Amino acid sequence: MVLDYNIGLFETSTITRMLGHFERLLQGILADPSGSISTLPLLSEIERRQILVEWNDTAVDYPRDHCVHQLFEIQAEAQPEAEAIVFRDQRLTYRELNERANQWARHLQMLGLGPEVVAALYVERSLEMAVGLLAILKAGGAYLPLEPGYPRERLALMLEETHPSVLLTQERLNQGLPRTSAKIVRLDRDAPLTGLQQVDNPRSGATSENLAYVIFTSGSDGAPKGVLMPHQALVNHSLAVGRTYRLDPNDRVLQFASLSFDRGR
């Protein structure tokens, strides 16, 4: 068999491999002319093993019994005075962020938030976004991100589908809220309500199998559809990202995506 090809576009090894695939395809057709195209052979045994076994040998152990907020608490205990988050000219250390989230979490628990209970988070990018998100998880609940820039009809549908018990927002966004039966908590105006709460880590009652967040896709028919994500999957993803990009305490990570954007988990 002879094959002409453009050496400026293909390497010899690539063409050799393609010829092998073509030969196996022809042999499969001759062996079973009435067979389905989907069953015809293409890969050699070496290639099949490489793709199905060797390249899939990616199993890595991780703390399957941890919730994602517990990972943050471990880091806060290890480096309490290290910078955890920066927004414009505002900064919080791990200790400060952890303590604020703990106080809010205890307040949210008093409002009924706990495992398998959804709390909506309708905030602009800010330190309050991080505090609110952590507080929901530390209270044992699951967060539902609501993008302030979304149309009111989409936000209303998301609220109707999930029935959050609490909705965390900011005073300046209050007028944009669709009608909801959720208890409204303003992370800026209502902050004094948490001032007397204890700053140590609360007991959430959540396990790694409990819900961590609800993310809405665009939906194949144009209508948003909620996807439920447990803590275990988020812990696995978060640690895998750290390993893949070799993150260490000296690194800084830019948060540029919307909180409502899911990263392919």
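Between Arg154 and Val2, the FRET efficiency estimated from the beta carbon spacing at R0 = 41 angstrom works out to 0.10. Sort the stretch 178-221 into rounded, prolate or oblate with this rule: let a ≥ b ≥ c be the square roots of the eigenvalues of the Cα gyration tensor; rounded if a/c is under 1.5, and if a/c is not under 1.5, prolate when a/b is larger than b/c, oblate otherwise. Here the stretch 178-221 falls in the oblate category. Near the amide H of Lys183, within less than 5 Å, lie the amide hydrogens of Val166, Leu167, all on another chain or at least 5 residues away, with H placed in the peptide plane. Under a 5 Å amide H cut-off, with hydrogens placed 1.01 Å from N, Ile85 pairs with Leu92 among residues at least 5 apart or on other chains. Segment Arg243..Arg91, full-extension length gain: 52.1 nm, with 0.36 nm per residue of separation and the alpha-carbon distance subtracted. If R0 is 25 Å, the Cβ-Cβ spacing of Asp251 and Ser126 corresponds to a FRET efficiency of close to 0.65. Rounded to the nearest whole Hz, the Karplus-based 3J(HN,Hα) values (6.51 cos²θ - 1.76 cosθ + 1.60, θ = phi - 60°) of the stretch 208-218 follow the sequence 5, 8, 6, 5, 9, 7, 10, 10, 9, 8, 6, with x at glycine and proline. Take the Cα of Ile46, step 7 Å toward its Cβ, do the same at Asp190, and the gap between the two points is 6.5 nm.
When the helices in the chain are scored as -39500 (n - 2.57) per DSSP H run of 4 or longer and the sum is shared across all residues, what 222 nm value do you end up with, to the nearest 500 deg cm²/dmol? So the calculated ellipticity at 222 nm is -10500 deg cm²/dmol. When each pair of different Cα atoms in the stretch 9-133 is counted once in the 1/r mean, what is the Kirkwood radius in angstroms, to one decimal? The Cα-based Kirkwood calculation yields 20.6 Å. What is the Cα centroid distance between the stretch 171-206 and the stretch 67-119, reported in whole angstrom? Between the Cα centres of the stretch 171-206 and the stretch 67-119 lies a distance of 13 Å. The alpha carbon convex hull volume per residue for the stretch 12-54 rounds to 71 Å³. When only Cα pairs below 8 angstrom with a gap of at least 6 residues are kept, the chain shows a relative contact order of 18 percent. Between helix 68-78 and the chain there is an angle of about 70 degrees, using the helix long axis and the longest principal axis of the Cα atoms. Across all directions, the shadow cast by the convex hull of the stretch 158-265 built on its C-alpha atoms averages 10.0 square nanometres. With the highest mean first, a sort of the peptides 16-28, 157-169, 129-141 on other beta-carbon atoms found within 10 angstrom per residue produces 129-141, 157-169, 16-28. Packing around the peptides 251-258, 68-75, taken as the average count of other Cβ atoms within 10 Å per residue, puts them in this order, highest first: 68-75, 251-258. Three principal axis extents describe the C-alpha atoms of the stretch 129-170; from largest down they are 30, 19, 12 Å.
Peptide packing for 40-52, 95-107 was compared via the average number of neighbouring C-beta atoms within 10 Å per residue; ordered from the highest value, the list is 95-107, 40-52. Prolate is the label for the chain, because the ratio a/c of its alpha-carbon gyration tensor axes (a ≥ b ≥ c) is 1.5 or higher and a/b is greater than b/c. DSSP beta bridges fully contained in the chain are about 45 percent antiparallel.
Each value in this text was obtained by applying a stated rule to the coordinates, not by laboratory testing. This structure is a prediction, so every number in the text was calculated from the model and none was measured. Note that we place each Cβ from the backbone using ideal geometry, even for glycine, and neighbour counts take in every protein chain shown.
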